[in-house]
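Trainee: Before I ask anything, let me first share the structure, which is written out below as structure tokens.
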Amino acid sequence: MSGAPRAGRVAGFAGLLLLGAVLGLAGALVQGAWFPGGLLLALAACVGLFYGGLRLMGGQLGVVVPGAGWLVAVLLLSLGRPEGDQVFWGGLAELLYVLGGMAVAVMCATVPRLPSGEGRTGASGT
């Protein structure tokens, strides 16, 4: 019976890693297409995924895993190809997306743990 919760956590982390990579790809395309709205949308999606991973998994590893997927996708997209095709051309929007996404991941990873609220019935905690 103890294998089921562990398998669920591993599947959750695998899903967060995949979501981070997809978000890195989608954000790279959106931020360049509709500046500045696309940049704000891409960064808001980063906040949602990273903070959601923190709350869902109950710890900072819930931010690190999707953040790693996001970072790998962004780095691979920034390398370009020998033919000269690339997603990032070094403009202001791309720089803000990369630095903003990393800043969002760091902020979400350093959020202090809030009490779970168990056992409280009123505003004063009684």
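Trainee: Quick one: Karplus J couplings for segment 65-71, per residue in order, coefficients 6.51, -1.76, 1.60, θ = phi - 60°, nearest Hz, x for Gly and Pro?
Mentor: Rounded to whole hertz, the list is 5, x, x, 5, x, 4, 5.
Trainee: Once label points are set 7 Å from the Cα along Cα→Cβ at both R9 and A103, what is their separation, rounded to one decimal in nm?
Mentor: 3.3 nm
Trainee: With a 10 Å Cβ neighbour count serving as the proxy for reagent exposure, in which order, fewest first, do V47, V30, V10, V74 appear?
Mentor: Neighbour counts put them in this order, fewest first: V10, V47, V30, V74.
Trainee: Give me the number: length gained by fully extending L95 to W34, i.e. 0.36 nm times residue separation minus the C-alpha to C-alpha distance, one decimal in nm.
Mentor: Between L95 and W34, full extension yields an extra 20.5 nm.
Trainee: Give me the log10 of I(q) over I(0) for segment 11-109 at q = 0.15, 0.16, 0.22, 0.24 Å⁻¹, as the Debye formula computes it from C-alpha points; what are the numbers?
Mentor: With one equal scatterer per Cα and no solvent, log10 I(q)/I(0) is -0.53, -0.60, -1.03, -1.18.
Trainee: Could you line up M57, M107 from fewest to most neighbouring Cβ atoms inside 10 Å?
Mentor: Ranking M57, M107 by Cβ neighbours within 10 Å, fewest first, gives M107, M57.
Coordinate-derived values only; no laboratory data. This one's a predicted model, so the numbers in the text were calculated from it and none came from an experiment. Glycine also receives a Cβ, built like all others from the backbone with ideal geometry; neighbour counts cover every protein chain displayed.
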